[in-house]
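The structure appears right after this line, and notes come after that.
The values are calculated or read from the model by the stated rules, or taken from the named source; none is laboratory data. Since the structure is predicted, the reported quantities are computational estimates derived from the model, not experimental observations. Backbone-built Cβ (ideal geometry, glycine too); neighbour counts: all protein chains shown. Ligands, DNA and RNA are excluded from the accessible area calculation, which covers all protein heavy atoms including side chains. Shrake-Rupley method; radii C 1.70, N 1.55, O 1.52, S 1.80 Å.
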Amino acid sequence: MRTIGHVIGGAAGTATPGSGRIAEVFDPNSGQVQARVPLGTAADLDRAVAVAQAAQPGWAATNPQRRARVMFRFKELVEANMDELARLLSSEHGKVIADSKGDIQRGLEVIEFACGIPHVLKGEYTQGAGPGIDVYSMRQPLGIGAGITPFNFPAMIPMWMFGVAIACGNAFILKPSERDPSVPVRLAELMREAGAPEGILQVVQGDKEMVDAILDHPAIGAVSFVGSSDIAHYVYRRGVEAGKRVQAMGGAKNHGIVMPDADLDQVVADLAGAAFGSAGERCMALPVVVPVGDTTADALRARLIPAIEALRVGVSTDAEAHYGPVVNAAHKAKVEQWIQTGVDEGAELVVDGRGFTLQGHEQGFFIGPSLFDRVTPAMQSYKEEIFGPVLQIVRAPDFETALRLPSEHQYGNGVAIFTRNGHAAREFAARVHVGMVGINVPIPVPVAYHSFGGWKRSAFGDINQHGMEGVRFWTRTKTVTQRWPDGAVDLPRGAEDGGPARVQDAFVIPTMG
């Protein structure tokens, strides 16, 4: 059985000697253990930090154009290995190959943004801010950054973090989820192949012990985290107390508001993908739909039932499957328990996905799609994130009620409104208390040159992921105010004095390539 270890320095897949603790990596399609991950210790992190400290100053001194070339080459290598990476990702996570390729592609879009780092790192300049005084600013890297990433996007979210951090001149230490750690290891190997020095992107495997070591290590200046809200709050609080810059993205309960004038056929098609794609294991899924008015709700429900029953659940390699298994047995049990909780609370279970089995893969972690109707805001199954293939209908009598539901929810990651009415859409976007809004767009993840981040318990910290927000997070601004003494301008000395023979020789521009 294979072992998935660290990437420290130039050594890929190095195991933890003598730690004694391991995590098992399952194949969600079969339910069988396919690999083991030795869980690292603070001593392993110390080794990675030492290598990063040795490598980062030289990387920061490398001009941004050359750092961008490494990012271009990394992008090319990931694209060239797309099929291999997608198969590896699907084998450990369970999402279908098409979803895995989408996972990788969305990460690459941030790498594409990072390829433009020479432009976005340019500072500001004011000539003549005072008598003979000029003022300019520069952005400088923090030093060593770290990322703690979840199981549901093992390619995209690491690239969201390390792409911008490394392009800005930092070294980066990644702690991926122990549930599906192979793709992050391969990304680190490809970054080294692209020309990044040893120590600029490293991977340490581990669980809470490694997380705490990262949060406490004095040499790590910034930490980016994505996961559940309770852990995000813990990471944020402990990291800030240790003097670090922290961005910690938490959970979500995204709502889709359906106005009476919406195109219901399009809404149903959008919900099928947004609620059930990737088995609902994504923080930008759309697990709550809010039709406005009973007439809208009844018509939507009538269209949703056959659409949900037509969804194909299959193994990750099934090109016809809409989604595959969830990541492991514990998560399957958790989702099924939430379905039972909804039933116990009095919601109407219209389609029950529990008990689903796939012939030939009876031990796989499969859950069929589920649909609830007449869910109320008082229900715990509405308040909490289920993170599975479950869609809840919460009926709203009017626009104002529909607006309040996502605005008053504890999470504020994403929201969508479906309507043909421009005024309603504009009013909703302006007033809703949620960080990312879609108008007739079911999963409003911003493009890479904008930024990603929610409100309330969906995000802790003041700076969002990727885009210019990411550049601000991974750099510090230094502002210089300068004045030169008055006096005659001296020309270069002549050749007889050991200086250049001609004035123009004093201004030869060095090669920047």
Q) In whole angstrom, how far apart do the alpha carbon centroids of segment 197-270 and segment 374-410 sit? A) 23
Q: Based on the mean of other Cβ atoms within 10 Å per residue, sort peptides 150-161, 370-381 so the most packed one is first.
A: 150-161, 370-381
(Q) Need one number: % antiparallel among DSSP beta bridges in the chain, to the nearest 5. (A) 45
**Q.** Local electrostatic count at D134 - Lys and Arg +1, Asp and Glu -1, tallied over other residues with Cβ under 12 Å
**A.** 0
Q: Rounded to the nearest 500, what is the 222 nm mean residue ellipticity of the chain from helices alone, with -39500 (n - 2.57) per DSSP H run of 4+ residues and division by all residues?
A: -11500 deg cm²/dmol
Q: Quick one: pull the percent of accessible area on segment 55-146 belonging to carbon and sulfur, 1.4 Å probe, ligands and nucleic acids left out.
A: 51
Q) Semi-axes of the equivalent ellipsoid of segment 1-109: what are they in whole Å, largest first, if each equals the square root of 5 times a C-alpha gyration tensor eigenvalue? A) 28, 25, 9
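Can you tell me the accessible area per residue over the chain, all protein chains present, probe 1.4 angstrom, in square angstrom?
Result: 42 Å² per residue.
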**Q.** Alpha-carbon Rg with Dmax, taken over the chain, Å
**A.** 25.8, 97
Q: Take the Cα gyration tensor of segment 94-231, multiply each eigenvalue by 5, square-root it, and list the three semi-axes largest first, rounded to whole angstrom.
A: 32, 18, 14
Q | Heavy-atom accessible area order for F162, F387, largest first, 1.4 Å probe | A | F387, F162
**Q.** Rough spin-label spacing in nm, given labels placed 7 Å along Cα→Cβ, for H433 and H450
**A.** 2.2
Q. Across the chain, how many lysine pairs, 8 or more apart or on two chains, come within less than 15 Å at their alpha-carbon atoms?
A. 7
Q: First compute the accessible area of segment 272-311 with a 1.4 Å probe, then give the percent of it belonging to carbon and sulfur atoms.
A: 55
Q) When the convex hull of the C-alpha atoms of segment 60-172 is computed, what volume per residue in Å³ does it have? A) 107
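Mind running the shape call on segment 361-471? Use the C-alpha gyration tensor, a ≥ b ≥ c as the square roots of the eigenvalues: rounded below 1.5 for a/c, prolate if a/b tops b/c, oblate otherwise.
In terms of gyration-tensor shape, oblate.
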Q: Report the full-extension gain for the segment K478 to D83: residue separation times 0.36 nm, less the Cα-Cα distance, to one decimal in nm.
A: 137.9 nm
Q) For segment 298-368 and segment 80-153, what is the separation of their C-alpha centers, rounded to whole Å? A) 34
**Q.** Additional length obtainable on full extension of the chain from E112 to N63, 0.36 nm per residue less Cα span
**A.** 15.9 nm
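For the peptides 452-461, 129-138, what is the packing order when you average, over each peptide's residues, the other Cβ atoms within 10 Å and list the highest mean first?
With the highest mean Cβ count within 10 Å placed first, the list reads 452-461, 129-138.
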